[in-house]
Amino acid sequence: MTVVDKTATLTRKDPGRHADRLFWALCVSAGLAVLVILGLILASMLQQALPALTKEFFTSSTWVPNDPDEAGPLHPQYGSLTFLYGTVIVSVIALLVAVPVSIGIALFLTELAPRRVRGSVVLLIDLLAAVPSVVFGLWGILVAAPALVPVYEWLHDTLGGIPVVGSLFGETVTSGRNFMTAGLIVAIMIIPIITSISREVFATVPNSDKQAAYALGATRWEMIKGAVLPHSFGGVVGAVILGLGRAMGETIAVALVIGSAVQITPNLFQSGYALPAVIVNLFGEASGDLRASLIGMGVVLFLLTVAVNLLARVVVRRAEIRMKGAGA
Amino acid sequence: MNRIVLSRRVLAGVAVAALALAGCSSKDDPATDPSASANAGGVAALTGELKGSGASFPNTYYQEVITQLKDEAKGLTVTYNSIGSGAGKKEFGQGLTDFAGTDSSVKDTDGVAAGSFLYVPTVAAPITVSYNVKGLDKLQLSADTLAKIFQREIKVWNAPEIATDNPGVTLPATAITVAHRGDASGTTSNFTKYLAAAAPTTWKLGSGDTVAWAADTQAGQKNTGVAQLIKAADGGIGYVDLADATDSGLKFASIKNKDGQFVAPTLEGATAALAGAEIKDDLSYNPLNAAGAAAYPITAPTYILVKPKYDDPKKAALVKAFVKYVLTDGKALAAELHYAVLPAELQAKALAQLDKIS
């Protein structure tokens, strides 16, 4: 009896070891695949963008995409700075609006909301994430942009006179398609992302920490400030970075509502342009240097995303060190 | 019990559907058969598959022609993807497609080798200068005024230049809102080429699928997007192809042509422009700013690119038959879709071009 049992376990162990090795190989190759794909994308983009990657491309804001063969006094010039500026402005507006709202929703859901409300709010927010971006874009140009024009005018009248800050709130473009509208639309699109991740992160805060805060006489706000937020700082930054990635890469909705005007202006109510928007607008008919410069914009966007991610990592690490130091 | 009822219902449904189908086909057959036999070219006997891609500007027309052809030649499948002239030429050059649609002539950078293609002009269409100004129902513009408006040198509707073009008309002091295409497009290319040709000293933005528009102009996606911007702003003006401008109910300006006549954008005006245009030996031609009293000066051409030699002779025959169909039987569809047909002389040349395919 015992002998039979032993051989049985032995024969069972052997394939188990193989399966283990297979599993390890699968996981490692899946991990490597990400690196390989990213590397190949970057390499092929760089190769195709090579003719356009001049010094002017990165430093100039002059954008003259003319047909080089046609008669005319102008030489084509491809400077990407205007588009980079637009992408940054739209992303900043989107984050300024979306982050407080999302964290508010997430805190409401984890700390304040009664269980029955919680389910339906989560469902609604997840639905928001499922709306295709072109729908947001069309809603933006047909409904939101015209409706926001009076609001922009009012803001211009009340805040436009303040020195320095006033230059942000200049004359508004009549169609309402501008940096601000694009930023607000993108904010709506990234709220579900930041909310759902923040919610998960807040839910991981140990109940003992919260109870301890209450036991020390903390109010609910003090408990959130002292127990929930420090514990989940890293996760929330991660959520914000994921939202920012979406904001920087958002294409169709921004292309529809940003107004497609090539200019760098502090005025948030003027039309502008963004990197993904110019790519989607012009790529279909592009050839030669214009095509190369559009792919070059893809490279710029790629590098921007990588830079933001690295920056976020540094921020999180520093904050964690500081918090651990404070805790000890 | 329930299941039986259900299956009975399904059966009944299938029977009704079958009857309906039978009814349709028996109704259709006599309708299509005579027309097929009327086309002496024997389109009905064609079988095979043709792939094409390219310009979006003639897409509506090509799709309609392909649909009609499908009714007559059941065994022939033609697909046309409107992916833009640039991408279409590229695919054609790589041998992915059998023919390409393009609004512009082939350049060195397009990826189509010289000598490996033939131009076949198919249709043309006027590009309207559409506007929306309260109390202004008729508008005439010369090329110089148009150029000044679109580069923001004229910013109000009662500017002296506009007044000179419109004697006896009271112009409102409304501000001008200029709308243009945000996406790269052959329409922009043709419009700016026209301005560069007709107002060479005034127009400074050059020409191309996209140009460096002034920052205080507004950009819309596709023709419909521009039409929507014009409609939304009192004082709006922009360039839109005739089909979309008509559908959007916009008003069109009459443009002063080379002979000094103000001509409204019509299909007849476009055909007159083609007749007045100088046709090159390879059949590429430039109808922009063409001569002729009745010619509408902003008329855009479009071509199908075919290969002079196909590897498969059967493919060559199919391409020939398809393009011939577009040029002859398809012609009847053009007018209601707002495309202008070729004048007889050019059509004859285009058909002769097809004989070079082997």
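Please give the Cα centre distance for segment B:282-358 versus segment A:88-130, rounded to the nearest Å.
57 Å
When DSSP beta bridges are limited to those with both residues in the protein assembly as shown, what percentage is antiparallel, rounded to the nearest 5?
Working: 26 of 44 bridges.
Rounded to the nearest five, the antiparallel share is 60 percent.
Hey, with R₀ at 25 Å, roughly what FRET efficiency would A:Val134 and B:Thr246 work out to, going by the Cβ-Cβ distance, to 0.05? The partial results should precede the final answer.
Numbers: r = 26 Å, r/R0 = 1.03.
According to the calculation, E is roughly 0.45.
Identify which of B:Gly115, B:Gly54, B:Gly186 has the largest mean-square fluctuation in a Gaussian network model of chain B, with springs joining Cα atoms closer than 10 Å.
Most flexible of the set in this elastic network: B:Gly115.
So what does the Cα-only Debye profile of the protein assembly as shown read at q = 0.06, 0.08, 0.09 Å⁻¹, as log10 I(q)/I(0), no solvent term?
Computed log10 I(q)/I(0) values: -0.48, -0.79, -0.94.
Could you check what % of the DSSP bridge pairs in chain B are antiparallel, to the nearest 5? Mind dumping the intermediate values first?
Values: 24 of 42 bridges.
Among the beta bridges of chain B, antiparallel pairing accounts for roughly 55 percent.
What is the ratio of the Cα radius of gyration of chain B to 2.2 N^0.38 Å, where N is its residue count, to two decimals? List each step's numbers first, then the result.
Details: Rg = 23.7 Å, N = 358, 2.2 N^0.38 = 20.6 Å.
Relative to the rule-of-thumb radius for its length, chain B sits at 1.15.
What is the magnitude of the charge dipole of segment B:199-274 about its Cα centre, with +1 placed on the Cβ of each Lys and Arg, -1 on the Cβ of each Asp and Glu, and no other charges, expressed in debye to the nearest 20? Spell out each step's value before the answer.
Values: 6 positive and 8 negative charges, 37 e Å.
With Lys and Arg at +1 and Asp and Glu at -1, about 180 debye.
Could you calculate, for segment B:37-165, the ratio of the Cα radius of gyration to the Kirkwood radius, expressed as Rg to Rh?
Values: Rg = 21.4 Å, Rh = 18.3 Å.
Radius of gyration relative to Kirkwood radius: 1.17.
In peptide B:187-199, what is the residue-averaged number of other protein chain Cβ atoms found within 10 Å of each Cβ? Intermediate values should be presented prior to the final figure.
Working: counts 0, 1, 3, 0, 0, 4, 4, 0, 1, 6, 2, 0, 0.
Average neighbour count from other chains, rounded to a whole number: 2.
Tell me the label-point distance for the pair B:Lys138, A:Leu310, using the 7 Å Cα-to-Cβ offset, in nm and rounded to one decimal.
So the label points at B:Lys138 and A:Leu310 sit 6.7 nm apart.
Counting only protein heavy atoms and a 1.4 Å probe, tell me what percentage of segment A:57-327's accessible area is made up of carbon and sulfur.
Details: 8530 of 12560 Å².
Heavy-atom surface of segment A:57-327 belonging to carbon and sulfur, 1.4 Å probe: 68 percent.
Kindly state, to the nearest 0.05, the FRET efficiency for A:Ala19 paired with A:Glu200, given R0 = 30 Å and r defined as their beta-carbon distance. Write out the running numbers ahead of the final one.
Working: r = 31 Å, r/R0 = 1.04.
Calculated value: 0.45.
With charges set only on the Cβ (+1 for Lys and Arg, -1 for Asp and Glu), what does the dipole of chain A come to about its Cα centre, in debye to the nearest 20?
Details: 21 positive and 19 negative charges, 353 e Å.
The dipole magnitude comes to about 1700 debye.
In a Debye calculation with equal point scatterers on the alpha-carbon sites of segment A:182-328 and no solvent, what is log10 I(q)/I(0) at q = 0.13, 0.20 Å⁻¹?
-0.75, -1.21
Suppose we take every Cα in segment A:171-256 and form the convex hull; what volume per residue is that in Å³? Each step should come with its number before you reach the end.
Details: hull volume 9.4 nm³, N = 86.
Dividing the Cα hull volume of segment A:171-256 by its residue count gives 110 Å³.
Which of the aspartates and glutamates could a cross-linker bridge to B:Lys256, judged by Cα under 14 Å and excluding same-chain residues fewer than eight apart?
Within the straight-line cut-off, B:Lys256 pairs with B:Asp144, B:Glu161, B:Asp165.
I'd like the mean, over residues of B:175-184, of how many other protein chain beta carbons sit within 10 Å of each residue's own Cβ. Numbers along the way, then the final one.
Numbers: counts 1, 0, 3, 0, 1, 1, 2, 14, 9, 11.
Per-residue shielding by partner chains comes out at 4.
Can you quote the Å³ per residue value for the convex hull of the Cα atoms in segment A:65-150, rounded to an integer?
Details: hull volume 15.2 nm³, N = 86.
Enclosed volume per residue, from the Cα hull, is 177 Å³.
Could you run the Karplus curve 6.51 cos²θ - 1.76 cosθ + 1.60 with θ = phi - 60° over segment A:117-130 and give me ³J(HN,Hα) per residue in whole Hz, x for Gly and Pro?
5, 3, x, 6, 5, 4, 4, 4, 5, 5, 5, 4, 5, 8
So which of B:Lys89/B:Lys314; B:Lys74/B:Lys280; B:Lys70/B:Lys251; B:Lys155/B:Lys204 end up more than 28 Å apart, counting from Cα to Cα?
Values: B:Lys89/B:Lys314 22 Å; B:Lys74/B:Lys280 37 Å; B:Lys70/B:Lys251 36 Å; B:Lys155/B:Lys204 17 Å.
Checking Cα-Cα distances, B:Lys74/B:Lys280; B:Lys70/B:Lys251 exceed 28 Å.
With a 1.4 Å probe on protein heavy atoms only, work out how much accessible surface B and A bury together, total over both chains, in Å² to the nearest 100. Please report the intermediate quantities before stating the final value.
Details: alone 16360 and 18820 Å², together 32750 Å².
That pair hides around 2400 Å² of surface in total.
Just checking the output field for A:166-179: average partner chain Cβ neighbours within 10 Å of each residue's Cβ? Display every interim value, and only then the final one.
Values: counts 0, 0, 0, 0, 0, 1, 0, 5, 9, 10, 1, 5, 0, 0.
Average per residue, whole number: 2.
So which lysines can A:Lys210 reach, going by Cα to Cα under 20 Å and dropping same-chain residues fewer than 8 places off?
Qualifying lysines at Cα under 20 Å: A:Lys225, A:Lys324.
With all protein chains present, how much of the accessible area of segment B:161-312 (probe radius 1.4 Å) comes from carbon and sulfur, to the nearest whole percent?
On the way: 2700 of 5280 Å².
With neighbouring chains kept in place, the figure for segment B:161-312 is 51 percent.
Which residues of segment B:224-238 bury at least 10 Å² of accessible area once all protein chains are present, versus their chain alone (1.4 Å probe)?
Buried-area filter returns B:Gln228, B:Leu229.
Show that you can apply the helix-only estimate: for chain A, add -39,500 (n - 2.57) for every DSSP H stretch of four or more residues, divide by all residues, and state [θ] at 222 nm to the nearest 500. Provide the component values of the computation, followed by the final result.
Details: 13 runs with 231 residues, N = 328.
Taking each H run of at least 4 residues, the total per residue is -24000 deg cm²/dmol.
Could you pull out every residue, at least 5 positions away or on a different chain, whose amide H is within less than 5 Å of the one on B:Ala125? Hs are placed 1.01 Å off N in the peptide plane, and Pro or chain starts have none.
The list, which skips near neighbours in sequence, is B:Ala300, B:Ala340.
Quick one: grab Rg to one decimal and Dmax as a whole number for segment B:220-294, Cα atoms only, in Å.
Rg and Dmax of segment B:220-294, Cα atoms, are 14.5, 46 Å.
Round to the nearest 0.05 the FRET efficiency obtained for B:Thr109 and B:Lys309 when R0 = 25 Å and r is the Cβ-Cβ distance.
Values: r = 23 Å, r/R0 = 0.94.
Efficiency, from the Cβ-Cβ distance: 0.60.
Among all the aspartates and glutamates, which ones have a C-alpha under 18 Å from B:Lys107's C-alpha, if same-chain residues fewer than 8 places away are not counted?
A:Asp67, A:Asp69, A:Glu70, A:Glu285, A:Asp289, B:Glu91, B:Asp209, B:Asp281, B:Asp282
Enter the accessible area per residue of segment B:82-210 (Å², integer; probe 1.4 Å; all protein chains in place).
Working: 4260 Å² over 129 residues.
On a per-residue basis, segment B:82-210 sits at 33 Å².
Over the Cα atoms of segment B:126-275, what is the Rg over Rh ratio if Rh follows Kirkwood? List each step's numbers first, then the result.
On the way: Rg = 13.9 Å, Rh = 15.2 Å.
Expressed as Rg/Rh, it is 0.92.
Rg/Rh for segment A:57-327: what does it come to with C-alpha atoms and Rh from Kirkwood? Write out the running numbers ahead of the final one.
On the way: Rg = 21.6 Å, Rh = 20.6 Å.
Ratio of gyration radius to Kirkwood radius: 1.05.
The values are calculated or read from the model by the stated rules, or taken from the named source; none is laboratory data. Because the structure is a prediction, the values reported are computed rather than measured. Backbone-built Cβ (ideal geometry, glycine too); neighbour counts: all protein chains shown. What goes into the accessible areas is simple: the full protein's heavy atoms, side chains included, and nothing from ligands, DNA or RNA. Shrake-Rupley method; radii C 1.70, N 1.55, O 1.52, S 1.80 Å.
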